[in-house]
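Trainee: Below are the structure tokens for one structure; questions will follow.
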Amino acid sequence: MSAPKTLVIVAHPDLAGTSRVNRRWAEELAKHPDEFEVRDLYALYPEGSLDEDGISVERAALAAHDLIIFQFPVYWYSAPALLRTWTDEVYGFGWAYGGEKAAPGEPGRALANKRFAVAMCAGDIEANYCATGTVGFTPSEVIIPFRATANYVGATCEAEPFCLFGTEGDLSDDQLEASAVAYVEWLRKLVRA
């Protein structure tokens, strides 16, 4: 059996407990281990930081995949804190960046030519994620830091994230199930692209 094509980095502080959406999405992905490798950062690093072994493991996972998905709930128009810590520690100088002359795969360019994408859920309603809404920005604009980071390390990032809105409201079980199915289909389209 070959390695899964897609690496999904899940960042939810309580995936097994309070999470409803991210837990359901991760459960759906787990049904397809031949397609998706899922890494639950908060389960792997409950102290909130990575040691050298953890950094090596994460780098190996990134190196083994061409498509990397960052899945998380939107927290104040950003990702949960551990995903930022993970990025700071894993994307080290001399590995993810370190010189414009380095070729893809050489030290300092390990993420060059990788493809990134974001899957996020937001408590707020979709109508507020626009220039005239209370958020004032589209989902594509909210993930600009992910897109800029991808550019910096020589990767690409899908401009449009997969989104589920209104998760703090009256999200029905049917809507949640439909989102899990749609998420897998979205991922499969990215693989084929």
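The values are calculated or read from the model by the stated rules, or taken from the named source; none is laboratory data. If you're wondering where the values come from, they're calculated on a predicted model, not measured in any experiment. Positions of Cβ are generated from backbone atoms using ideal geometry, with glycine treated the same way; all protein chains shown enter the neighbour counts.
Trainee: Filter segment 8-45 for residues that are in contact with a Cys (Cβ under 8 Å, 6 or more places away or on another chain) and either without any contact (Cβ under 8 Å) to a residue 60 or more places away in the chain or under 22 Å from Ser56 (Cα atoms) (or both) and give the result.
Mentor: Correct list: empty.
Trainee: Out of Val135, Val57, Val74, I need the residue that is within 27 Å of Asp14 (Cα to Cα) and without any contact (Cβ under 8 Å) to a residue 24 or more places away in the chain. Which one?
Mentor: Just one listed residue meets the conditions, Val57.
Trainee: On the given criteria, is Ala103 modelled with pLDDT under 95, farther than 23 Å from Phe72 by Cβ and not charged (D, E, K, R)?
Mentor: Working: modelled with pLDDT under 95: yes; farther than 23 Å from Phe72 by Cβ: yes; not charged (D, E, K, R): yes.
In short, yes.
Trainee: Let me spell it out: the conditions are (1) at pLDDT below 95; (2) small (Gly, Ala, Ser); (3) in contact with an Asp or Glu (Cβ under 7 Å, 6 or more places away or on another chain), and Ser140 meets all of them except one. Which number is the exception?
Mentor: Of the numbered conditions (1) at pLDDT below 95; (2) small (Gly, Ala, Ser); (3) in contact with an Asp or Glu (Cβ under 7 Å, 6 or more places away or on another chain), the odd one out for Ser140 is (1).
Trainee: Show me the helices (runs of 4 or more DSSP H) found entirely inside segment 8-67 where at least 1 residues are of a type outside the set (A, V, I, L, M) and surrounded by fewer than 18 Cβ atoms within 10 Å (Cβ to Cβ). Walk me through how you get there before you give the answer.
Mentor: Working: elements: 21-30, 41-44, 52-63.
Hits in segment 8-67: 21-30, 52-63.
Trainee: I would also like to ask the following. Of all residues in segment 10-57, count the ones that are β-branched (Val, Ile, Thr), within 16 Å of the chain's Cα centre (by Cα) and within 19 Å of Ser78 (Cβ to Cβ).
Mentor: 2
Trainee: Would you check which residues across segment 47-79 are small (Gly, Ala, Ser), more than 18 Å from Leu29 (Cβ to Cβ) and out of contact with any helix residue (DSSP H, G or I) (no Cβ under 9 Å at 6 or more places or on another chain) and list them?
Mentor: Ser56, Ala60, Ala63
Trainee: So Ile143 passes all but one of these: (1) within 15 Å of Leu190 (Cβ to Cβ); (2) touching a helix residue (DSSP H, G or I) at 6+ places or on another chain (Cβ under 7 Å); (3) surrounded by 15 or more Cβ atoms within 10 Å (Cβ to Cβ). Which condition number does it fail?
Mentor: Failing condition for Ile143: (2).
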